[in-house]
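Enquirer: Just passing along the structure, written as structure tokens.
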Amino acid sequence: MNRQFVKVLSHVRPQHRSGVLCPKLFGVSRSPASPPTYPSAPASVRRFTTSSLLRSGSAASNPQMAFPCLDAVELRTKQIQSRSTLNGPEPSYTTGAHKSFTSKSPILLDYGGILQGFTIAYETWGELNADKSNVILLHTGLSASSHAKSNPDNPRPGWWEKFIGPGLALDTDRFFVICTNVLGGCYGSTGPSSIDPADGERYATRFPILTMEDMVSAQFRLLDELGVEKLYASVGASMGGMQSLAAGVLFPERVGSIVSISGCARSHPYSIAMRYTQRQVLMADPNWNRGFYYGQVPPHIGMKLARQIATITYRSGPEWEQRFGRQRADPSRPPALCPDFLIETYLDHAGEKFCLEYDANSLLYISKAMDLFDLGAVNREELRKLRQRNRYKLEPTHVQSTGVEEANQCSLSLPSQPYTEQPREDTPASKLSANQTDLVAGLAPMGDIPTLVLGVTSDILFPSWQQREVAETLKKTGNKKVTYVELGEDVSLFGHDSFLLDVQNIGGSVKRFLYG
């Protein structure tokens with residue numbers, strides 16, 4: 001190992017806040033204006049470009065290949081660097097006008113983190129009736145804002161534009177629809193890009209680890225403020241489908257019915273692996289700077305790559321076969337290492353659109369919350385005990401400490417030997433039975449809540465067996481009001497994105513259930 005790097009590590013003093021990624025563990029200043037200093041690359045390392053090779057007069061066997069995709073990335077970096085320092089080089093994460101609810105009371109999070117106060121951005125459609133019994137809480141996917149539908153204050157089309165409105169799936173002639181940007185987000189709700197009131201600096205990676213349940217608890221603080229005692233329905237798809245189920249488990253007496261589309265009751269290894277890969281490529285971007293990139297160039301390269309990986313999981317192979325096949329963008333040109341096949345240009349465009357529209361730290365925290373999601377009884381009990389042990393943090397006399405015990409909790413290190421798979425004592429059959437029993441106990445609070453569970457056969461990110469598992473588990477709790485709908489490949493090839501695109505089948509199923 002480089003001696004200079006070892007010397008840097010030897011002077012690290014870890015800082016801890018429960019459930020927080022610790023920047024000082026890696027030698028990073030609390031201030032985004034003071035990035036860490038790392039060893040310089042050896043002088044012998046040179047960065048070659050097409051122009052530099054041409055100038056060198058090298059008598060190579062073949063000409064240097066052009067890389068317009070890399071040129072475009074470098075140009076974006078230069079453009080960001082040249083922006084006015086008045087606004088800062090990082091983009092403004094916003095989608096326009098929205099309402100805001102600010103809680104002055106602290107919120108204790110599942111893994112021990114605490115926010116002394118927080119803000120939730122939200123938007124509404126329709127009219128609230130006299131007894132406030134017609135409210136539908138709409139939960140978003142990972143990167144969505146509260147702007148699910150256009151409105152006079154923000155005419156831009158929303159992410160569920162064709163599902164909300166008079167006579168549509170969420171009929172605004174009947175219902176008062178509320179959609180929030182989740183806690184941890186970047187579209188008006190408190191998240192890593194927000195200011196920590198304790199010191200006036202951005203949270204960055206000092207923001208506490210979140211769970212889906214934390215996000216739902218914050219949403220119900222908003223409902224308390226609005227005087228809504230019971231929802232007509234909790235509705236969500238993808239991550240929102242997870243939240244919708246969590247609302248039924250956490251607040252069963254306050255939820256009239258539940259719609260969970262392309263969601264699950266616990267994250268499974270494939271989904272966790274895909275989100276982990278996205279986080280790794282994002283964190284490998286040098287501009288991420290351990291999360292302290294605010295006021296500097298954001299990690300747009302890592303964000304682009306992370307979005308490309310995610311996009312692969314959003315659609316289905318059969319749909320891409322129909323749309324793109326093996327067609328190249330321009331068959332008249334020679335093959336290239338930059339986007340060449342139409343499917344490659346599609347992924348490149350998806351990454352380009354996203355890389356400066358969403359805060360990188362929010363992506364890290366919210367995707368991790370999805371990985372941690374597990375409504376099984378064992379996990380719920382472990383979190384309950386953890387919250388109980390941390391309740392002292394809500395006492396007015398408690399002062400956040402950075403003592404030895406807390407610092408040790410944050411002093412993570414890689415193992416000296418790679419992790420290896422451990423043999424399991426129980427048989428696959430017995431383990432499956434235990435998992436089913438655990439999930440039945442975990443979903444027991446939803447025992448009499450009418451629930452629509454909707455899956456899509458072509459979905460590879462949240463495969464339909466997970467939705468069938470939810471429906472079957474709810475029935476085993478004694479719930480006789482479970483409706484399960486699965487869209488086969490003969491109906492929808494849109495994969496996970498069906499909930500955004502299939503107005504007829506997804507929207508029609510939701511409408512029939514809510515009007516039932």
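Enquirer: Having 3 or more residues that are of a type outside the set (V, I, T), in contact (Cβ under 8 Å) with a residue 40 or more places away in the chain and touching a Gly at 6+ places or on another chain (Cβ under 7 Å) is the bar; report the helices (runs of 4 or more DSSP H) wholly within region 192-288 that clear it.
Expert: Where helices (runs of 4 or more DSSP H) fall fully within region 192-288 and carry at least 3 residues being of a type outside the set (V, I, T), in contact (Cβ under 8 Å) with a residue 40 or more places away in the chain and touching a Gly at 6+ places or on another chain (Cβ under 7 Å), they are 239-250.
Enquirer: Then there's this: Being out of contact with any Asp or Glu (no Cβ under 8 Å at 6 or more places or on another chain) and outside any helix (DSSP H, G or I) is the filter; apply it to region 310-329 and report the residue that is surrounded by the fewest Cβ atoms within 10 Å (Cβ to Cβ).
Expert: R326
Enquirer: Further question on the same structure: Identify, from the list G516, G495, G478, G508, the residue that is surrounded by fewer than 16 Cβ atoms within 10 Å (Cβ to Cβ) and farther than 22 Å from L168 by Cβ.
Expert: Of the residues listed, the single one that is surrounded by fewer than 16 Cβ atoms within 10 Å (Cβ to Cβ) and farther than 22 Å from L168 by Cβ is G478.
Enquirer: Could you tell me whether region 344-354 includes any residue that is outside any helix (DSSP H, G or I) and surrounded by 17 or more Cβ atoms within 10 Å (Cβ to Cβ)?
Expert: Among the residues of region 344-354, not one is outside any helix (DSSP H, G or I) and surrounded by 17 or more Cβ atoms within 10 Å (Cβ to Cβ), which makes the answer no.
Enquirer: Taking Q322 as meeting all but one of (1) modelled with pLDDT under 95; (2) within 24 Å of I209 (Cβ to Cβ); (3) of a type outside the set (G, A, S), write down the number of the exception.
Expert: (2)
Enquirer: Of the residues that make up region 205-215, is at least one at negative phi, crowded, with 18+ Cβ neighbours inside 10 Å and acidic (D, E)?
Expert: Yes - at least one qualifying residue is present in region 205-215.
Enquirer: Taking I343, is it out of contact with any Gly (no Cβ under 8 Å at 6 or more places or on another chain) and within 15 Å of S143 (Cβ to Cβ)?
Expert: Here the answer is no, as I343 does not meet what is asked.
Enquirer: Give the residues of region 410-448 that are in a loop (DSSP other than H, G, I, E, B), within 27 Å of the chain's Cα centre (by Cα) and modelled with pLDDT of 65 or more, sorted by residue number.
Expert: Those that are in a loop (DSSP other than H, G, I, E, B), within 27 Å of the chain's Cα centre (by Cα) and modelled with pLDDT of 65 or more: L412, S413, L414, Y419, L443.
Enquirer: Mind counting the residues in region 463-475 that are over 25 Å from the mean Cα position of the chain (by Cα) and either modelled with pLDDT under 95 or surrounded by 19 or more Cβ atoms within 10 Å (Cβ to Cβ) (or both)?
Expert: Residues in region 463-475 being over 25 Å from the mean Cα position of the chain (by Cα) and either modelled with pLDDT under 95 or surrounded by 19 or more Cβ atoms within 10 Å (Cβ to Cβ) (or both): 2 in total.
Enquirer: Quick check on K149: is it part of a helix (DSSP H, G or I), open to solvent by 10 Å² or more (accessible area, probe 1.4 Å) and either under 26 Å from F499 (Cβ atoms) or modelled with pLDDT under 95 (or both)?
Expert: Taking the combined requirement at face value, the residue does not satisfy it.
Enquirer: Please give the number of the condition A407 fails out of (1) modelled with pLDDT of 80 or more; (2) open to solvent by less than 20 Å² (accessible area, probe 1.4 Å); (3) more than 26 Å from R512 (Cβ to Cβ); (4) not polar (S, T, N, Q).
Expert: (1)
Enquirer: Let me ask you something else. Identify, please: which residue in region 367-404 is of a type in the set (G, A, S) and farther than 25 Å from R279 by Cβ and is, among those, modelled with the lowest pLDDT?
Expert: The qualifying residue modelled with the lowest pLDDT is G403.
Enquirer: Could you say whether any residue in region 311-326 is more than 27 Å from F499 (Cβ to Cβ) and over 14 Å from the mean Cα position of the chain (by Cα)?
Expert: Checking region 311-326: at least one residue is more than 27 Å from F499 (Cβ to Cβ) and over 14 Å from the mean Cα position of the chain (by Cα).
Enquirer: Please specify each residue of region 115-144 satisfying the condition of being closer than 30 Å to E395 by Cα and open to solvent by less than 30 Å² (accessible area, probe 1.4 Å).
Expert: L115, G117, F118, I120, A121, Y122
Enquirer: Sticking with this one: If you take the residues in region 265-287 that are open to solvent by less than 20 Å² (accessible area, probe 1.4 Å) and more than 15 Å from the chain's Cα centre (by Cα), which one is nearest to V378 (Cα to Cα)?
Expert: A265
Enquirer: Here is a follow-up. Considering each residue of region 289-309, count those that are more than 27 Å from G200 (Cα to Cα) and either in contact (Cβ under 8 Å) with a residue 40 or more places away in the chain or surrounded by fewer than 16 Cβ atoms within 10 Å (Cβ to Cβ) (or both), and give that number.
Expert: So the count comes out to 7.
Enquirer: Which of the residues spanning region 475-511 are farther than 21 Å from T140 by Cα and charged (D, E, K, R)?
Expert: Hits for region 475-511 are K475, K476, K480, K481, E489, D490.
Enquirer: Separate question: Please go through region 162-183 and give me each residue that is open to solvent by less than 30 Å² (accessible area, probe 1.4 Å), closer than 21 Å to F499 by Cβ and in a loop (DSSP other than H, G, I, E, B), ordered by number.
Expert: Those that are open to solvent by less than 30 Å² (accessible area, probe 1.4 Å), closer than 21 Å to F499 by Cβ and in a loop (DSSP other than H, G, I, E, B): G165, A169, D171, T172, F175, N181, V182.
Enquirer: Still on this structure, I have one more. Tell me the residue from L70, L53 that is part of a helix (DSSP H, G or I), surrounded by 12 or more Cβ atoms within 10 Å (Cβ to Cβ) and modelled with pLDDT of 90 or more, please.
Expert: L70
Enquirer: Still on this model: Can you tell me which residue in region 449-492 is nearest to H268 (Cα to Cα), limited to those that are charged (D, E, K, R) and in a loop (DSSP other than H, G, I, E, B)?
Expert: D459
Enquirer: I've got another one for you. Among (1) part of a helix (DSSP H, G or I); (2) among the hydrophobic types (A, V, I, L, M, F, W, C); (3) at pLDDT below 95, where does A336 come up short?
Expert: (1)
The values are calculated or read from the model by the stated rules, or taken from the named source; none is laboratory data. Only a predicted model underlies this, so the values are computations on that prediction, with no experimental measurement involved. Note: ideal-geometry Cβ built from the backbone for every residue, glycine included; neighbour counts use all protein chains shown. Please note that ligands, DNA and RNA were not included when accessible areas were found on the heavy atoms of the full protein model with its side chains. Shrake-Rupley method; radii C 1.70, N 1.55, O 1.52, S 1.80 Å.
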